[in-house]
1. Check Glu265, Glu257, Glu320 and return the single one that is in contact with a helix residue (DSSP H, G or I) (Cβ under 8 Å, 6 or more places away or on another chain), modelled with pLDDT under 90 and assigned to a helix (DSSP H, G or I).
2. Go through (1) modelled with pLDDT of 95 or more; (2) surrounded by fewer than 22 Cβ atoms within 10 Å (Cβ to Cβ); (3) aliphatic (A, V, I, L, M) and name the single condition Ala202 misses.
3. Of the residues that sit in the stretch 199-226 and are in a loop (DSSP other than H, G, I, E, B), more than 15 Å from the chain's Cα centre (by Cα) and of a type in the set (Ser, Thr, Tyr), which one is farthest from Asn237 (Cα to Cα)?
4. Quick check on my filter: what residues within the stretch 219-235 are surrounded by 19 or more Cβ atoms within 10 Å (Cβ to Cβ) and under 12 Å from Asp274 (Cα atoms)?
5. Give all pairs with beta carbons closer than 8 Å in which a residue from the stretch 96-123 that is among the hydrophobic types (A, V, I, L, M, F, W, C) meets a residue that is assigned to a strand (DSSP E or B) and surrounded by fewer than 17 Cβ atoms within 10 Å (Cβ to Cβ); count only pairs at least 6 apart in sequence or on separate chains.
6. Quick one: in the stretch 57-102, which of the residues that are open to solvent by less than 10 Å² (accessible area, probe 1.4 Å) and among the small types (Gly, Ala, Ser) is farthest from the chain's Cα centre (by Cα)?
7. Search the stretch 31-46 for residues that are among the charged types (D, E, K, R) and pair each with any residue that is crowded, with 18+ Cβ neighbours inside 10 Å and outside any strand (DSSP E or B) when their beta-carbon atoms are under 7 Å apart and the residues are at least 6 apart or on different chains.
8. Can Glu51 be described as touching an Asp or Glu at 6+ places or on another chain (Cβ under 9 Å) and not in a strand (DSSP E or B)?
Amino acid sequence: MTERIKTKKLQEYERSITYIKFRKDGERFFTASWIPKILEWDFETGQVLQEFNGRGRINEFDLTKNHKYLITVSAVRNCTLWNTFKGEQVNQIKFDDIPVSVKFSYGEKLFMVATRSIHRKASKIHIFKFDPTIGVLPQDSLKVIEVPEKKRPTSVRWGNLNKTIIGGCVDGYIRVWKVSNGELVKEKCVHEDIITSISFSADHTHFITASADCTAKIIDEKTLDILKVYESDRSLNTAEICPRGNLVVCAGGQRSEQVAQSADEGKFTILYFDKIQGELIGSTQTHYSSVHSIAFHPTENSFISGCHQGDISIHYLDNELIQNSLL
C-alpha cells in the first residue's frame, strides 16, 4: 500500500491538531490546533502564508465559499470572524458555554454554533443570521435549540436546503432538528459510543460518521438508515469519503501518552476501505500519535491528516488506487 501513496510531512504545530479544511479551489488549506492560532497553507509548496492568532484551543472552524471569511470557535467560549483577505479579526461573539462546532449554511445567510454546557445543564445550538456582503457577526441569535447534556452533539452540519440541522451526539445517536422551530424531528442510534465526526458526501445524499466504538458508518441523510459499516480495531476520530472513486479513509488511535512503545501498538495507521464492499484494502503509517482530522483535496487525488503530536501530512494517492475504486 505504501508504494501507492506518497507522503509529505509539513511544519509541525507544538500541540494537537483539531481540524483541517481546504478552500473550495484547493489552492490553500487551513489548520487549527490546541494552540490558539489558525494557519493558512499553500497546498503546492507546503508553506505557511498567514497566521490568525486568537485565544484558547480552536475546536472547529469554517470558511465562506469565496474564502474571504473564516469563522472559528474556541475553548475560551468565543466565536470569532476573520477577514482572510486583510488578515485581521473582524469581531467576536461571547458564549456562556464552550463552543464545539461551527458551520455556515449553504448560501451563507446563516451560521450555527453548537455549545457544550460547563454547568451540566442543557447544551445548545445557536442559529445566527449572516450577511456575507457585510461580514460582521451579530450579537443576538435568531434561534436557540436546547439539547440535554447527555444527548449533546459533538459535531453539527446543515441538512438539505438548510431546513434541518444534523448532529452526531455523545450517546451514539444521530439527531435531526428542524431549523424553523427547533423541533427534534428524527433520532436514531447508529453507534455504541460517542460520535466523533460527521462528513457529507460530495452529492450530499449521505454522510459518514466516525465513533469511539471503532467503526465508521455511512448514513442516508433522509432516512438515517445505515448503508455501510467499516470496522476497525481502534477508536476512530475522523472518517472521510473520497470525492472521486469509492474510497473511504478513517483514522484514530490511542493518545501518545497511553502507548508504551511503537506506533503500531497505538494503532495510529491510516485505514483505507472500499466504500462499496466495506472491506479494508490497506493502511499506511504516517503519524506516531492519534490522528484527529482528515480533509480531502476538492479536485486532486490527495488528502491531509493531522495528529495529536501536531504533525501535518499531505498524502498523494496513486491514480491506480483511485481508478480501482471507481464504479
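1. On the way: Glu265 fails: in contact with a helix residue (DSSP H, G or I) (Cβ under 8 Å, 6 or more places away or on another chain); Glu257 fails: in contact with a helix residue (DSSP H, G or I) (Cβ under 8 Å, 6 or more places away or on another chain).
The match here is Glu320.
2. (1)
3. Of everything passing the filter in the stretch 199-226, Thr223 is farthest from Asn237 (Cα to Cα).
4. Hit for the stretch 219-235 is Tyr230, nothing else.
5. Leu110/Lys129; Ala122/Glu146
6. Ser74
7. Lys37/Gly54; Glu40/Thr84
8. Details: touching an Asp or Glu at 6+ places or on another chain (Cβ under 9 Å): yes; not in a strand (DSSP E or B): no.
Answer is no for this residue.
The values are calculated or read from the model by the stated rules, or taken from the named source; none is laboratory data. From a predicted model like this one, the values you see are computed outputs, not experimental measurements. Cβ sites come from the backbone with ideal geometry, for glycine too, and all protein chains shown count toward neighbours. In case anyone asks, the SASA skips ligands and DNA or RNA and just uses the protein heavy atoms, side chains included. Shrake-Rupley method; radii C 1.70, N 1.55, O 1.52, S 1.80 Å.
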